[in-house]
Structure formats: C-alpha cells, structure tokens
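Written below as structure tokens is the structure these notes are about.
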Amino acid sequence: MISKLLKFWLIVSLSLICFFSKAQISHGGSPLFKDAKFKSTIPVTYLPRFEKAKMLKDEVFVSGESFLKHAQYAYQYQNIYNSNNSGKWEKLEDGRMVWRIFISSPGAFSLGLEFSKFKLPKNAMLFVYNYQTAQVLGAYTEKNNKASGKFSIEPLEGDEIIVEYIEPFGAKFEAEIEIGAVLHDYKNIFNQLKGEKSSVKTSGSCNVNINCPEGDDWQIEKQSVCHILYNGFIASGALINNTSFDGKPYLLTAHHVIDSQGDAEDAIFYFNYEAADCESTTGSKSQSISGADLLATTSHLDFTLLELSVMPPASFSPYYAGWDRSGRIPLNTTCIHHPNADVKKISMDFDAPITDSYSDTKYTFDINTHWRIVDWEIGTTEGGSSGSPLFDENHRIVGDLTGGEADCEESVNDYYAKFSESWANFSEANQQLKVWLDPLNLGLNVLDGMDPYKGLRANFISSNDSICYSSQLSLENISQGEPDEYLWDFGEGAIPQSSTEEGPHEISYTSSGVKEIKLIVKKNGILDSVSRDILAMDFPSANFDFTVDLQKIQFINSSEQGETYSWDLGDGTSSSEENPEHEYKNSGNYTITLEAENRCGTNSFAKMVQMNYNDLIKVYPNPSDGLFAVDLSQIIYIRTNWTVYDSKGAQVRSGIVFNYNSLINFDLKGMSSGVYILKLEIDGEILQRNLLLRN
C-alpha cells in the first residue's frame, strides 16, 4: 500500500513541478559577482542616447484624440545581445562557466529585459541585478523554461543592469540566452521613485485603495485582478472562470492592450499588488507570472482572452471571477484596476450603465458593443486601467475597460467592452469567448467565480534556515484547509528522504549544500505544494581576493558557507567586516589572514598582498607573435594612459583606458621582431614593462 501511495505521489509531484515550472517565480540563491568591485571587470554595453522630450512629444502626436486607457512607460530598444556576441565569459576553478553582460542606459528610471531566447540546462542559474540599488532577481533555472522559448524580466530600478549566467560543469547542452529587447523606463514606473522627476505620478487623489471600507465587499473578487506590463506599456486584467471549473488560468483584458502572440509572450502579470490599508501608497510586486498564450481577440470588439503560462500558485490566493453574458443592464457597476501603474484601486457607479459605441483616432469598434459609465460616484480610471473588469451588482464580470474621458477632475464617460458582445458575435474560436469559457457547452448565461484551491494552502515551518549538515532539523506542517494526504521530499542526501506522514519530522543530511524541501498536500482532488531552501553547511572554506587603489585596498571575500569573519590585515589592525576596506601607510608586502566561522567550525586562509601597482600588473602572452594583453583587474583607477615604444624610442601604439575596463589589448603584428617598451601612467604613477615580439 505504501509503495503504491509513494508511486502515486511521485506522479503527482512530477506533474506539479512541470505545472509550476513556467512562471516568473525565482528559486533563490545569490550571484557570484554581486560585489560592486567586480563592476570594472565587465565591458559596458551602452544603449543609444534616449531623448525623453522627443519621446513625450511623439506620444502626444500619436495619441491625438484617443482616450484609450493603457499607457506607455518605457521605450523598447530592440537589440540582440547573446552569450556569443556580447558580454564576457569566465571559467571558474571548479569547472563552471560564468557569462555576464553589463547594460547601461543613462537616465532610465528602471530597466526591463525581454529574452527572445531562454533555455537553460539543469542546475544552471541566471541572475539579474544592479549595483545602484543592490536589487537581485533570480535565480532563474530550467524550471523557468517555457514552450515559447521566451522570458521577460520585471524592471529593476536604476539605469544599469547586469545579467549573470552560471553554467554547471558537464551541462547537457549549451544554454540559449538572447536578450531581444531592453525597456528604458522614462516615466518612472516605480513612481514612486518618489521624486519630482517622475512622469508617472501616483494615481489621482480621488482614487480609492481596494483595502479601504469601499472595498470591504470585494475582497474575494480583487484576487482576480492583476497589473500588466508588456513591451513598455501598462494595463490591467482579470482571471476568469470557465464552466469546467478546471482552474485553467484564463485572463480577460482588452484587444487594444494585447492583440498578438508576441505581446502575450512578453507580458508580465502582477498579482496582489495592493496597499495594505486605506492610507498606504505602496505595495509589493513580488508575485508575478511571465508570459501567456493568446486565445481569442478581434479588432471589431475590444476584448482579449489569454491563458497564462502557468496557473497562479496557491500562495497568490488567486480567484477566478464569475461572469454574466446575458446582456441585461446591471443595476450598478464596480471596477477594480491599476491606474497609472499604482496599487489596486476600486471605482463605483451607483447607477446603471447605458449601451453606447466607442471610436477614436486608432480604433472603431462595432456599434453598441460598449457599456458607458455616465459618472463614477467613487474613484475614476486612468492610463493603466485598460482591460480591467467591470463587475455588476452580483459580483460577476460584464465588461472590460476600453477608455474614456473620466479622471479625477471630471469622472464621466468611461467605456467598457460588453462581455455579452464578446461572447459569440463571431463564429471563429479565436474571435469569441464562448468556446473557451463554456467548454462543456452548457449554454449558461451566468457563472459564479471560484477559488481554484478551495482554501487549501500547503505550508510548513522549520527550526532553522541553516544547519550543520550532520545535526537535526525540525519540520512542522502548518498547512491550511485540513488536507488529508501529505508527501514530503526532504531534499538530496536527507535522512529520511521522504515521508507520507503529516509530521512533525526530524531530519539530517549526509552532505552539505542547498537542500530543497517540498511538501505536497491533497484534499478532495485538490492539490497544493510549497518548497523552501535550507542550507546544510559543512566547515567553512575561507578565501579572498583584493583590488588596490593607491594605498587603499578593498578585500573581496569569496569564502563559502561562512557566517562570521575575522581579518588580520598584516599591519597590526583587524576587522570583522565581510568585505573590509583598508588604507596602508606604507608600500610593501603584507600577509593577510582571513578566518571564516560557522556553526560547524572555522577555517583560515592567508595571502600576501603587494601594495604596489607595479606588482599587480600582468602582461600576457610575453613573448608574443603580436597580440598583447595587460591585465589591470586588481587595480581600481580613474584612467590609464599607455604607450608602446620601439627600441629607438619611437612611439608605435598608445591609448587611454577608463576604470570600467580591466584589460588593455593591442597588436604589434607587422612590426619588426625585437624588444618594445610599454609605459603606463596610472593615476600619476609611471610603470614600465619590456615586451618581446617574435614574428
């Protein structure tokens, strides 16, 4: 019986892993080169200069008399950067390969990335981060591979961004990594970068947070609404139920928002982006899904139906909204939306809408296919609200927002594409809602919403986030919804390896490393899962490197599994910082000792540091048949002038290098064999090397 149950759970767990593998959900960890001192070792890829004033002027010209309520926040630079034509590869001592690309777009409030190719092998990791804000996204792994081969990364604040890809030794295939577009945020999508420079100000003061008293009766339906980013634009949308009640992640938005498969694949969908209370102005964007498939849309009607690349996990508390396709006139209406990329808001009209038509300079939709909200009594809508759901008094969707004149000064005349008109006005499956939302062909006029997990939430707590691998770790189930079946997988090298008992459990490990603990729970055919990483530590491994800036030295701690550190800096001083900076009074050689400690024990490492630029410069190959390289990676400098002279003192090569380059490359091919002299002036210090050229 136990073996059959384990076999069943194995199938279930594999299906869940596949099911949840395509979201923009990251898997923890840290980049290898996050320390800013490594910044100078990556060549910078600069995007063309962005002219904000011209862009804003063009926007006004293009928009004309359009009242559509999506909004552009970023300019899309379409470039092809991949691991073959850009960035820098490095090979680590353990055989792993690391590729990094450093992209700069001066003046951007944030930068987003769209990967036109994204396919990683098992155990590979990809991080995206910047030095300006110390933000890190990732790790993204093979679990983020999608059938489309694309992947979009949410924006990071700042005008610099670094991609770091770590490929394991012996990977089964070479990763496909290609950045097809970089999104330069020129309006400040984070807004909220809190300054006068933002062109995307917080939404109008008349807007009402969803967690104000006005939203008390809408706390279930709000879970269906999401904020959308796509190719430099912002909008809204909502999860929607179908007659099979099978949890397919269908999402309703507007045709003028997303009308192509490419836009659907590049879009990012943020859930639960809301303020915690009525007065707060900020919310978390930690729950997002990357990519979707376009199922149905048409230029005659302003609706689009998408299927997200993954079902939102239970931790998102998703709700699939119900609908009314009868076409009856609602008594009153409510909209939940994200105006101006702001946290979730609620708007209310206490009166019935009227049937009307919508057209502007870009779109003319079929006549009488819209609801017109004559006047909002509570709140309004703004750019970024497009695609948001219109609910009737029964809390069912009856439309999605196209646009209108409404704002905080005069909240009148908003237009919503009628759900009833989008249902089956056109017979083709890719131009209607019916075939997707009534797969059982029941002919229902109304359908209620549902919680796909029915309150079931997998969860557990651990006694520690890190342990010495041979010691005991305690795990306790705290899942909600009273599950009746459990499957635990305690991770690689665990004793015991798994269990079908609720627990609590006491486990240990036979090896060190990051251990992924998974819990799958089941009740009445509903499944949910949760995983958490635990660090099982061995004795620490101490190691460090350094860079020199005249008499100042920056130590770069590369120890593994250390928790605390103790430095003997070789001149009678010490430090307990992880990456100390120190200034030596005199040039010379100093023996530095680093002791790393964790709960398993201590380990020390010593290295001699040479406080002289002359000792830190390496020239290779030397002798050479023409191509020489000068390694400056251990020096922090402002600029370097370099000159190569022949044996008679004639100048044959020269150049200037700034501090974001770690290598000087020059070619003496075609010159006569013999000895040449390289002179470098680094921050006022003159250094010299003899070069031997052999043709």
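Quick notes on this structure:
- Flag if ASP533 is outside any loop (DSSP other than H, G, I, E, B), acidic (Asp, Glu) and either crowded, with 17+ Cβ neighbours inside 10 Å or at pLDDT below 90 (or both): yes
- Restricting attention to region 317-367 and to residues that are surrounded by 14 or more Cβ atoms within 10 Å (Cβ to Cβ) and of a type in the set (Val, Ile, Thr), the residue that is farthest from ALA458 (Cα to Cα) turns out to be THR355.
- Residue match in region 206-224 (condition: crowded, with 24+ Cβ neighbours inside 10 Å, in a strand (DSSP E or B) and β-branched (Val, Ile, Thr)): no
- Residues located in region 356-377, provided they are of a type in the set (S, T, N, Q) and closer than 21 Å to GLN431 by Cβ: SER357, SER359, THR364, ASN368, THR369
- Which listed residue, of GLY403, GLY449, is buried (at least 24 other Cβ atoms within 10 Å of the Cβ) and either under 27 Å from ASN207 (Cβ atoms) or among the hydroxyl-bearing types (Ser, Thr, Tyr) (or both): GLY403
- Residue within region 90-103 that is at pLDDT 90 or above, touching a strand residue (DSSP E or B) at 6+ places or on another chain (Cβ under 9 Å) and not in a strand (DSSP E or B) present: yes
- Answer from THR355, THR334 - the residue that is assigned to a strand (DSSP E or B), over 25 Å from GLY215 (Cβ atoms) and either modelled with pLDDT under 95 or in the same structural domain as GLU214 (by TED's automatic domain parsing) (or both): THR355
- Qualifying residue in region 506-515 (condition: outside the structural domain of PRO483 (by TED's automatic domain parsing), modelled with pLDDT under 90 and touching a Phe, Trp or Tyr at 6+ places or on another chain (Cβ under 9 Å)): no
- Region 503-528: number of residues that are among the aliphatic types (A, V, I, L, M), closer than 16 Å to SER466 by Cα and buried (at least 19 other Cβ atoms within 10 Å of the Cβ): 2
- Evaluation of LYS194 against (1) surrounded by fewer than 24 Cβ atoms within 10 Å (Cβ to Cβ); (2) modelled with pLDDT of 85 or more (one fails), failing number: (2)
So that you can scan it fast, the table gives a plain yes or no per residue for (1) in a strand (DSSP E or B); (2) over 16 Å from the mean Cα position of the chain (by Cα); (3) surrounded by fewer than 24 Cβ atoms within 10 Å (Cβ to Cβ):
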| site | (1), (2), (3) |
| --- | --- |
| SER236 | yes, yes, no |
| LEU239 | yes, yes, no |
| THR243 | no, yes, yes |
| GLY247 | no, yes, yes |
| LEU252 | yes, yes, no |
| ASP263 | no, yes, yes |
| TYR273 | no, no, yes |
| ALA276 | no, yes, yes |
| LYS285 | no, no, yes |
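- Selection within region 209-264 - out of contact with any strand residue (DSSP E or B) (no Cβ under 8 Å at 6 or more places or on another chain), over 26 Å from ASN188 (Cα atoms) and polar (S, T, N, Q): GLN219, SER244
The values are calculated or read from the model by the stated rules, or taken from the named source; none is laboratory data. Bear in mind that the values here come from a model prediction, so they are computed numbers and not experimental data. Cβ: placed from backbone, ideal geometry, glycine included. Neighbour counts: every protein chain shown.
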